[in-house]
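The values are calculated or read from the model by the stated rules, or taken from the named source; none is laboratory data. What you are looking at is a predicted structure, and each value in this text was computed from that prediction instead of being measured. Here Cβ is always computed from backbone atoms with ideal geometry, including for glycine, and neighbour counts include all displayed protein chains. Side chains included, ligands, DNA and RNA excluded: accessible areas come from the protein's heavy atoms. Shrake-Rupley method; radii C 1.70, N 1.55, O 1.52, S 1.80 Å.
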Amino acid sequence: MTDRLRDVYVVDAVRTPIGKYGGALAGVRPDDLAAGVLRDLVARTPDLDPARIDDVVFGDTNAAGEDNRDVARMAVLLAGLPVTVPGSTVNRLCGSGMEAVIQAARAIAVGDASIAVAGGVESMSRAPWVLQKPERGFPAGNQQMYSTTLGWRMVNPRMPKEWTVSLGEGAELVAERYGIDREAQDAFALASHRKAARAWAEGLYDGEVVPVDGVEFARDECIRDSTSPEALAKLKPVFRENGTVTAGNSSPLNDGAAALLLVDEDGLRATGREPLARIGASAVTGIEPQYFAAGPVEAVRRALKKAGRELGDLHTVELNEAFAAQALACLSQWPGLDPAVVNPRGGAIAIGHPLGASGARITGAVAHQLAAAGSGTGLAALCIGVGQGLALVLER
């Protein structure tokens, strides 16, 4: 332990292109996705001796298939790092990748580590079906299988029914509560696709996205350049007969991974690099599970208060777009925030939302955007299923 908290810097951040469900990355195991970004991240800092990495922390939401048994440690071994480098896997559902960053940064800040890698991974395509053990041995009847791709499963009967609604129904509830209509949601989704397409066309992701071995695809697979207000308006609501939430204004199911290199001052000298940004304050909050989509509202307020910042101080914001209704509801509660600084290079509706990776992806995105600007304050935030919000402030 140290007498004071150490500054924690983001030296670099990488991610894979995000694949669609059953798409280009469906043939790649999640432990290989995690190993790939870890290997590429370390290779981009040739002055760093990999043996000096004190820990690798990865977020992973489902962890029910090939990502079982601590995917962070598996990634270390598969990436060819020294076996002396440990690894730990954390789970805060959609916030898992950011939770990994926060936990790794906290270890560095208190002196438990000097150099760490934090990231996240998810393969929703390869998430398995699971079978509960029977109450008694040798059952004669059929048994139910559960998909681990997304959402509630094997729900405890003691949970109140209103808490265990689907994620999409939760988005509908938030749309009702905050008065977010279908037209506003579709317009937000369209803007996400257009910003993401423009960012790729302008090469803004060239320094951030790394290829996946054995897979060729040029960019995030779910971006729709050709979508239009008319095309989005034709889509039917998915969760209610007369609802507002559609496949077009929701994030898709995805595969991908992301990783960040975090260091203190000593670690920074060991890398021989200029940092992208400095890790600032974070906050996590809880909310009624069915209103999970509004989770970031209070988390952002608390994180900014800890950092001594206000909404008007923010130069860039990455707000994970689980649903357009969710993003718009949160934005409506932050009147001091300039909408132009939110998701300037597109959001999860277009880019994708590989659950365990998204928090690391958006944190890395903020770091790269601050580095490109040269200075400023940035924020990354996510809503989290079962009713939580998570936010992290970065500075340069």
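Tell me, which helices (runs of 4 or more DSSP H) lie completely within segment 298-396 with 3 or more residues that are open to solvent by 10 Å² or more (accessible area, probe 1.4 Å)? Filter on segment 298-396 gives 324-332, 355-373. Looking at the structure I just gave you, is Glu230 more than 21 Å from Arg194 (Cα to Cα), open to solvent by 30 Å² or more (accessible area, probe 1.4 Å) and among the charged types (D, E, K, R)? For Glu230, the condition - more than 21 Å from Arg194 (Cα to Cα), open to solvent by 30 Å² or more (accessible area, probe 1.4 Å) and among the charged types (D, E, K, R) - is not met. For segment 180-190, does any single residue satisfy the condition of being over 18 Å from Ala294 (Cα atoms) and of a type in the set (Phe, Trp, Tyr)? Scanning segment 180-190 turns up no residue that is over 18 Å from Ala294 (Cα atoms) and of a type in the set (Phe, Trp, Tyr). Being touching a residue at least 24 places away in the same chain (Cβ under 8 Å), part of a helix (DSSP H, G or I), within 16 Å of the chain's Cα centre (by Cα) and closer than 22 Å to Glu169 by Cβ: is that true of Ala293 here? It is true that Ala293 is touching a residue at least 24 places away in the same chain (Cβ under 8 Å), part of a helix (DSSP H, G or I), within 16 Å of the chain's Cα centre (by Cα) and closer than 22 Å to Glu169 by Cβ.
Annotation note: Cβ proximity below 8 Å between a residue of segment 87-110 that is closer than 20 Å to Glu265 by Cβ and a residue that is assigned to a helix (DSSP H, G or I) and not aromatic (Phe, Trp, Tyr) (sequence gap 6+ or interchain) occurs for Val101/Gly359; Val101/Ala360; Val101/Thr363; Ile108/Gly267.
Against the conditions (1) open to solvent by less than 40 Å² (accessible area, probe 1.4 Å); (2) out of contact with any strand residue (DSSP E or B) (no Cβ under 9 Å at 6 or more places or on another chain); (3) over 16 Å from Gly347 (Cβ atoms), Ala259 satisfies every one except (2). Only one entry of Ala113, Ala197, Ala191 meets the criterion of being of a type in the set (A, V, I, L, M) and either over 24 Å from the mean Cα position of the chain (by Cα) or farther than 19 Å from Leu319 by Cα (or both), and that entry is Ala113. Listed by position, the helices (runs of 4 or more DSSP H) inside segment 164-246 whose residues that are more than 23 Å from Ser332 (Cα to Cα) number at least 1 are 182-201, 229-233. The set of residues in segment 270-297 that are closer than 17 Å to Leu41 by Cα and either open to solvent by 30 Å² or more (accessible area, probe 1.4 Å) or not polar (S, T, N, Q) (or both) comprises Ala270, Gly272, Arg273, Glu274, Pro275, Leu276, Ala277.
Consider Met154 carefully, then state whether it is open to solvent by 40 Å² or more (accessible area, probe 1.4 Å) and at positive phi.
So Met154 fits the description; yes.
For segment 90-106, the count of residues that are among the hydroxyl-bearing types (Ser, Thr, Tyr), within 25 Å of Phe292 (Cβ to Cβ) and open to solvent by 20 Å² or more (accessible area, probe 1.4 Å) is zero. Please go through segment 108-151 and pick out each residue that is part of a loop (DSSP other than H, G, I, E, B), open to solvent by less than 50 Å² (accessible area, probe 1.4 Å), within 18 Å of Gly65 (Cβ to Cβ) and not hydroxyl-bearing (Ser, Thr, Tyr). Answer for segment 108-151, where residues must be part of a loop (DSSP other than H, G, I, E, B), open to solvent by less than 50 Å² (accessible area, probe 1.4 Å), within 18 Å of Gly65 (Cβ to Cβ) and not hydroxyl-bearing (Ser, Thr, Tyr): Met124, Ala127, Pro128, Gly151.
Candidates in segment 63-86 are the residues that are at pLDDT 95 or above and in contact with a Ser or Thr (Cβ under 6 Å, 6 or more places away or on another chain); of these, the one that is surrounded by the fewest Cβ atoms within 10 Å (Cβ to Cβ) is Asp70. Quick check: anything in segment 52-59 among the acidic types (Asp, Glu), open to solvent by 40 Å² or more (accessible area, probe 1.4 Å) and at pLDDT 95 or above? Yes, segment 52-59 contains at least one residue that is among the acidic types (Asp, Glu), open to solvent by 40 Å² or more (accessible area, probe 1.4 Å) and at pLDDT 95 or above. When you look at Asp32, is it open to solvent by less than 50 Å² (accessible area, probe 1.4 Å), out of contact with any Gly (no Cβ under 6 Å at 6 or more places or on another chain) and of a type in the set (D, E, K, R), yes or no? Against the criterion (open to solvent by less than 50 Å² (accessible area, probe 1.4 Å), out of contact with any Gly (no Cβ under 6 Å at 6 or more places or on another chain) and of a type in the set (D, E, K, R)), Asp32 does not qualify. A single member of Val209, Val245 is in contact (Cβ under 8 Å) with a residue 60 or more places away in the chain, of a type in the set (Val, Ile, Thr) and farther than 14 Å from Gly352 by Cβ, and it is Val245.
Taking (1) touching a Pro at 6+ places or on another chain (Cβ under 9 Å); (2) open to solvent by 30 Å² or more (accessible area, probe 1.4 Å); (3) over 18 Å from Pro86 (Cβ atoms); (4) of a type in the set (Asp, Glu) in turn, Asp12 satisfies each apart from (2). Scan segment 198-227 for residues that are surrounded by fewer than 18 Cβ atoms within 10 Å (Cβ to Cβ), closer than 19 Å to Ala324 by Cβ and touching a His at 6+ places or on another chain (Cβ under 8 Å) and the total you get is 1.
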